[in-house]
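Beneath this line is the structure, given in structure tokens, with notes to follow.
The numbers here are math on the coordinates, done by the rules we state, and not lab data. What you see is a predicted model, and the numbers here were worked out from it, not measured in a lab. All Cβ positions, even for glycine, are placed from backbone atoms using ideal geometry, and neighbour counts span all protein chains on display.
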Amino acid sequence: MIGHTPSRIYRSLSFVLFWTFGLSSSCLCLYLYSIGIHHALLPNRAKTKTGLCVGYLTRGELKVRKRNKRGREKMGAQSNTTPKASPRVSTRKRSTTLQHLFDLDSNGNKIANSNVGSSSSSSSSSFNSEHEEALSAVSYCTFVFAFTENECPTQQELKRQKLLQLLSFVKTNKNSIPVQVLSSLISMISANLFRSLPPPSNPSITADFPDDEDTMSAYSPVWSHLQLVYDILIRLVINNDPKVLRQYIDNKFVINLLALFQSEDPRERDSLKNVYHRIYSRFTFYRAFMRKSMNDVFLHYVFESERHCGIRELLEIWGSIINGFTMPLKEEHKLFLMRVLVPFHKTKGMQAYHRQLAYCVSQFVQKEPVLGGVVVRGILKYWPVTNCQKEVLLIGELEELVENIDPDQYRKLAVPLCNQITRCLNSWNSQVAERALYVWNNEHFVKMISVAVEEVFPVVVEGMEKNLKWHWSKSVRQLTENVKVMLEEMDPILYSKCLQEIELRGSKAHQAEINRKKNWDRIEMAAAQHQYFQPPHFICV
């Protein structure tokens with residue numbers, strides 16, 4: 001090694017010993033110190049008490065350090081009256097063999113491995129065997145069965161059992177599901193739920209009959225799996241923090257859920273309603289987006305397609321949303337009433353969801369009675385002409401609205417409302433006529449009439465007299481007679497005056513009809529005298 005610098009020799013020995021025996025750097029330094037190579041190769045290195053090198057020093061620096069050390073020893077001897085006991089030196093000489101160094105290095109590796117093992121055990125405790133089983137079940141349930149003849153029923157039942165296992169896991173682990181399991185669960189739910197729906201069974205007919213959906217053809221064959229998936233999803237939404245779920249249940253997830261309301265299976269729509277409402281109530285940061293998405297579905301249905309299977313369920317969700325609105329109502333919510341809910345009354349399939357629609361409208365009017373006038377005028381604007389079932393429903397809705405309308409609007413609404421009710425009681429459909437006559441039993445409606453009795457009575461009395469004379473239904477005539485007695489008791493003078501005006505108008509109309517016939521006879525006589533109508537001059541062959 002003559003001619004080599006100390007650092008180069010040290011690096012060479014380190015390389016040889018490390019690759020030959022696997023020694024660590026600390027053991028290598030200790031071995032070199034024990035055999036004296038330190039002093040032979042590095043004479044100008046300062047050493048600590050442990051013998052480790054701390055850097056290169058010149059001879060002058062070494063002399064200064066020794067002088068300072070002797071000074072400190074003298075000061076310590078003067079300050080201490082009793083000398084300190086010297087440390088006992090072990091009689092056993094420390095072994096400096098390579099075997100001893102190997103043992104030291106192996107012990108160090110054991111300590112390091114034990115530290116790594118403790119950290120891995122702590123991480124494995126948070127991700128235990130239960131979570132691994134859940135991940136295994138999730139991976140199996142990601143496969144979607146179509147329930148066709150080619151599939152094995154045993155595998156379908158096995159998936160159902162796996163879904164039950166996951167449902168139990170989600171119920172018992174509240175706010176403690178690891179991120180890996182949670183992400184896999186949402187992916188599995190998306191794979192099972194977000195699918196292409198089959199085409200409508202009867203695309204040419206709108207949902208006019210709400211009780212027509214209980215046919216077995218509308219039931220999905222995969223419902224035994226879908227039901228459990230929906231239960232898992234709703235448990236995830238209820239039991240976990242929305243801030244944690246936000247990165248998995250995003251806007252795209254919500255839009256895909258909304259698209260599933262097109263399903264013809266009423267069981268799936270009912271589960272969707274519960275899940276969607278839970279997301280709306282807990283994920284407050286998605287509420288504006290979810291309201292806008294539902295409004296888009298409503299507007300497309302009202303003004304374009306008039307076909308959607310889930311309008312009833314969506315209106316039920318809106319009913320609970322409106323019920324939670326605070327006063328005063330925001331302008332956004334008032335626009336929703338005027339631009340979305342009121343035009344709903346003109347659709348052909350209104351009977352399927354009228355109960356939910358009427359509840360939403362009544363909630364608005366109860367919170368702000370001033371909005372009652374807007375709603376009544378909108379309903380009268382979209383009044384049906386030939387659909388008698390819709391007329392019966394709308395009469396009942398108007399009767400309910402009158403109970404919540406602001407009394408200051410009675411005079412403005414009395415005339416148009418009574419005109420429509422009078423046309424309905426004159427209807428040849430007995431159901432419509434009877435429903436319109438029953439309105440007069442409502443105290444609020446009678447009170448509204450009494451506010452504008454002079455404007456309303458002429459129209460109402462004329463309608464009553466027509467029913468008594470011309471209507472074919474005996475029950476309608478009997479109900480009309482009862483309402484007539486009530487109106488006579490309300491204001492007998494005005495009622496008799498209206499009867500006189502009706503008789504006067506009737507006599508005038510009769511005289512006009514006589515004059516019309518006389519004029520027509522005169523024209524026919526003049527035509528006959530002047531022979532304006534000549535017989536044809538051709539022969540039919």
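With Cβ to Cβ distances under 13 Å as the rule, what net charge do the other residues near VAL229 carry (K, R +1; D, E -1)? Write out the running numbers ahead of the final one.
Working: positive: LYS159, ARG160, LYS162, ARG195, ARG235, ARG267; negative: ASP231, GLU268.
Net of charged neighbours comes to +4.
Hey, fewest Cβ within 10 Å first, where do TRP428, TRP472 land in order?
On the way: TRP428 12, TRP472 8.
Lowest to highest Cβ neighbour count: TRP472, TRP428.
When the Karplus curve 6.51 cos²θ - 1.76 cosθ + 1.60 is applied with θ = phi - 60°, which whole-Hz ³J(HN,Hα) does each residue of region 379-389 get, with x for Gly and Pro?
Each residue of region 379-389 in turn: 5, 5, 5, 9, 5, x, 9, 10, 8, 6, 5 Hz.
Per 0.36 nm of contour for each residue apart, how much would the distance between ARG477 and GLU524 grow if the chain were fully extended, relative to their Cα-Cα spacing? Could the numbers behind the result be given before it?
Values: separation 47, 0.36 × 47 = 16.92 nm, distance 4.16 nm.
Result for the pair: 12.8 nm of gain on full extension.
Which net charge results when you count Lys and Arg as +1 and Asp and Glu as -1 among the other residues whose beta-carbon is under 9 Å from that of ALA358? Write down the numbers at each step before the final one.
On the way: positive: ARG355; negative: GLU397, GLU400.
Result for the neighbourhood of ALA358: -1.
State the extension gain, in nm to one decimal, for the chain segment bounded by SER320 and SER183, taking 0.36 nm per residue of separation less the distance between their alpha-carbons.
That pair, SER320 and SER183, stretches by 46.3 nm at full extension.
Using label points projected 7 Å from each Cα along Cα→Cβ, tell me how many nm separate LEU499 and LYS252, to one decimal.
Label at LEU499, label at LYS252, 7.6 nm between them.
Quick check: the distance between the Cα centres of region 490-514 and region 156-171, to the nearest angstrom?
Using only Cα atoms, the two centres lie 78 Å from each other.
So, in nm, how far is label LEU468 from label TYR438 when the simple model puts each one 7 Å beyond its Cα toward the Cβ?
My value for the distance between the label points is 2.4 nm.
Modelling each spin label as a point 7 Å along the Cα-to-Cβ direction, I'd like the ALA146/ASN128 distance in nm, to one decimal.
For the pair ALA146/ASN128, the computed spacing is 4.2 nm.
List GLU462, GLU400, GLU513 from most exposed to least, where exposure is judged by having the fewest other Cβ atoms within 10 Å. Don't skip to the answer; put the middle values down first.
Details: GLU462 18, GLU400 15, GLU513 10.
Fewest-to-most Cβ neighbours within 10 Å comes out as GLU513, GLU400, GLU462.
Of PRO458, PHE445, SER475, whose Cα points farthest to the positive end of the dipole of region 422-535 (charges on the beta-carbon: +1 Lys, Arg; -1 Asp, Glu; origin at the Cα centre)?
Positive-most Cα among the choices belongs to SER475.
Compute, for region 361-470, the length of the dipole vector about the Cα centre, with Cβ point charges of +1 (Lys, Arg) and -1 (Asp, Glu) only. Units Debye, rounded to 20.
Details: 11 positive and 14 negative charges, 67 e Å.
Rounded to the nearest 20 debye, it is 320 debye.
At a Förster radius of 56 Å, what calculated FRET efficiency corresponds to the Cβ-Cβ distance of LYS292 and LYS508, to the nearest 0.05?
Values: r = 58 Å, r/R0 = 1.04.
Efficiency, from the Cβ-Cβ distance: 0.45.
If we count every other residue with Cβ under 12 angstrom of LEU479's Cβ, Lys/Arg +1 and Asp/Glu -1, where does the sum land? List each step's numbers first, then the result.
On the way: positive: ARG435, LYS474, ARG477, LYS484; negative: GLU434, GLU481.
Spelling it out: positives minus negatives among the neighbours equals +2.
Can you sort ARG339, ARG278, ARG516 so the residue with the fewest Cβ neighbours within 10 Å comes first? Walk me through the numbers before you get to the answer.
On the way: ARG339 13, ARG278 16, ARG516 10.
By the 10 Å Cβ count, ascending: ARG516, ARG339, ARG278.
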